[in-house]
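A short worksheet on the structure shown next.
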Amino acid sequence: MLDHRPIYLDCQATTPVDERVLAAMLPYFSQHFGNSGSMGHAYGWEAEAAVKQARCTLAAAIHASPEEIVFTSGATEANNLAIKGVAEAYLERGRHLITVQTEHSAVLEPCRYLQSLGFEVTFLPVQPDGLIDLSQLEQALRPDTILVSVMAANNEIGVLQPLSEIGTLCRSRQVLFHTDAAQAIAKIPLDVEAMKIDLMSMTAHKVYGPKGVGALYVRRRKPRVKLAPQLHGGAQEKNLRSGTLSTPQIVGLAKAVELACSEQESESRRLTELRQRLWQQLCQLDGVYLNGHPTQRLPGCLNVSIAEVDGASLLLGLQPVVAVSSGSACSAAKPSPSHVLTALGHSPQLAAASIRFGIGRFNTASEIDRVAQQVIATVQSLRHSGFSDAELLIAAS
Ligand SMILES: *Cc1c(COP(=O)(O)O)cnc(C)c1O
């Protein structure tokens, strides 16, 4: 049954749960099902011990302390807690925040919400390679700036922002630094001490863990970050995030991060090779452009724009063979070009004819070769026969 589905190359959207992660989670559904807040009996203690172990594992992966981890429902919630929580807690110090135009909507939208409440937000542009210009960041800092939020790895083009440099700059100005590390956690080395990160959002489902669980790292010393909770209730997670902790999900998050960290070096090398293999084959075509910095990027993420083809027809032609995402977001009925590719300076048409290949743990070299062949054949056919003949291709395949 699996074989009839297209090859999955959309690992920036989500990843399957690794069987080893699933196995670690299973006992916590119906056997060790207790509430980690039930301190009066063994069922609660079992759950509490598992959560404590997970907290230690996650903290160790980023060089934090266990008390600095707040479990959430994912990176969207972690970003909301970090951004709105800091804005509310530091109101008297200032009302200015800085972020970047290419951030995920889970950062951009909380910032826009704060603007509607009277906060000022600077949305920094990026350079053509997708990286921010540090001198522009420095110039944007003001005496009333309370937070800088810059993502670790971009979810569309995979570029890695210079976290250490940003952290050093922010610390020297006593401005808090938050990073959305949803795409980066356990895939690249992350060290909240060395990189001077004060808040970091994480999620499990981009790294072979379950959907619906994540965490926020919140620095507790030098400096101690104040946060206003965004959910009020039973005061779990030191009152920063109320709600009964999902033990199986939390165990899954920690197991996923632990596995990916232990395999990080060899897996990065393997994914980089597969990415280069795909890119080299696609370069047989004329008018293919790499989006984002060539080396400062996630090992498994390749985003390309292809000139002289219609984006929608290209996607339609690829659909039966490979599951990828395009450079346009079909949020409403009408697809609009990606805000990330537009920020790189692409025309709407070139932005629309873009493909994000998200290569992951379970992809093989032969899959990459099949995908490359299909892309080349589809592009050549579309260019030869004019636009929007993808239906013919589908009928033929
Ligand atoms: C996937 C993603 C998110 C959202 O994470 P969820 O856990 O799905 O809420 C936020 N930021 C980035 C960069 C992402 O890639």
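Values quoted throughout were computed directly from the atomic coordinates according to the rules given, and no laboratory measurement underlies them. Given the structure is predicted, the values throughout are model-derived calculations rather than measurements. Because the Cβ atoms are built from the backbone with ideal geometry, glycine has one as well, and the counts that use them run over all protein chains shown.
For the chain, with the dipole built from +1 on Lys and Arg beta-carbon atoms and -1 on Asp and Glu ones, taken about the Cα centre, which of T168, I157, C111 lies farthest toward the positive end?
Sorting the options by dipole projection puts first T168.
Helix 264-282 versus the longest principal axis of the chain: what angle, 0 to 90°, nearest 10, using Cα atoms?
20
When Lys and Arg each count +1 and Asp and Glu each count -1, what net charge do the other residues less than 11 Å away from G37, Cβ to Cβ, add up to?
Here the count lands on -2.
In whole angstrom, and with the biggest value first, how far do the Cα coordinates of the chain range along each principal axis?
Extents along the principal axes, in whole Å: 69, 53, 38.
Mind checking which aspartates and glutamates have their Cα closer than 13 Å to the Cα of K211? Skip sequence neighbours fewer than 8 apart in that chain.
D18, E77
Between rounded, prolate and oblate, where does the range 82-241 land on the alpha carbon gyration tensor, with a ≥ b ≥ c its root eigenvalues, rounded for a/c under 1.5, else prolate if a/b exceeds b/c?
Numbers: a/c = 1.39, a/b = 1.03, b/c = 1.35.
Here the range 82-241 falls in the rounded category.
Find which of F362, Q12, A49 sits farthest along the positive direction of the dipole of the chain, computed with +1 on the beta-carbon of Lys and Arg, -1 on that of Asp and Glu, about the Cα centre.
Of F362, Q12, A49, it is A49.
Can you sort T57, T99, T168 from fewest to most other Cβ atoms within 10 Å of each residue's own Cβ?
With the fewest neighbours first, T57, T99, T168 line up as T168, T57, T99.
In the range 65-163, which trypsin sites (Lys or Arg not before Pro) are in a loop and have at most 16 other Cβ atoms within 10 Å, using DSSP for the loop call? Please list the in-between numbers first.
Details: sites: K84, R93, R95, R112; in loops: R93, R95.
Passing sites in the range 65-163 are R93.
Take the residue pairs K84/K196; K206/K238; K206/K255; K84/K238; K52/K238 and return only those whose Cα atoms are more than 25 Å apart.
Those over the limit are K206/K238.
Run the simple label-point estimate for S336 and S268 please: 7 Å along Cα→C-beta, distance reported in nm.
3.6
Quick one: helix 42-61 against the long Cα principal axis of the chain, what's the angle to the nearest 10°, folded into 0 to 90?
Result, in degrees: 60.
Would you work out if the range 1-41 is rounded, prolate or oblate? Take a ≥ b ≥ c from the square roots of the eigenvalues of the alpha-carbon gyration tensor; rounded if a/c is under 1.5, else prolate when a/b is larger than b/c, oblate otherwise.
Because a/c hits 1.5 or more and a/b exceeds b/c, the range 1-41 counts as prolate.
Could you calculate the contour length gain from I376 to E109, that is, 0.36 nm times the residue separation minus the distance between their Cα atoms, to one decimal place in nm?
92.4 nm
Please work out the FRET efficiency for the pair D133 and Y43, using the Cβ-Cβ distance as r and a Förster radius of 51 Å; give the result to the nearest 0.05. Intermediate results must be reported in sequence, preceding the final value.
Working: r = 54 Å, r/R0 = 1.06.
For R0 = 51 Å, the calculated efficiency reads 0.40.
Using the Karplus curve 6.51 cos²θ - 1.76 cosθ + 1.60 with θ = phi - 60°, work out ³J(HN,Hα) for each residue of the range 66-83 in order, rounded to whole Hz, and write x for Gly and Pro.
Each residue's phi maps through the Karplus curve to give x, 5, 8, 9, 10, 6, 9, 8, x, 6, 4, 5, 4, 5, 4, 5, 5, 6 Hz.
Using Cα pairs under 8 angstrom and six or more residues apart, how large is the relative contact order of the chain, in percent?
Contact order relative to length: 21 percent.
Calculate for the chain the 222 nm mean residue ellipticity that helices alone would give, adding -39,500 (n - 2.57) per DSSP H run of length 4 or more and normalising by residue count, nearest 500 deg cm²/dmol.
Using -39500 (n - 2.57) per qualifying helix, the result is -12000 deg cm²/dmol.
Sort E265, E46 by Cβ crowding within 10 Å, fewest neighbours at the top. Let's see the in-between values first.
Values: E265 10, E46 19.
Least to most surrounded, the residues fall as E265, E46.
Looking at the chain, send over the antiparallel percent of its DSSP beta bridges, to the nearest 5.
Of those bridges, close to 60 percent are antiparallel.
Summing Lys, Arg as +1 and Asp, Glu as -1, what charge do residues with Cβ under 12 Å from the Cβ of L350 carry, L350 excluded?
Here the count lands on -2.
Take the alpha carbon gyration tensor of the range 1-97, find the square roots of its eigenvalues, order them as a ≥ b ≥ c, and report rounded if a/c is under 1.5; if not, report prolate when a/b exceeds b/c, else oblate.
oblate
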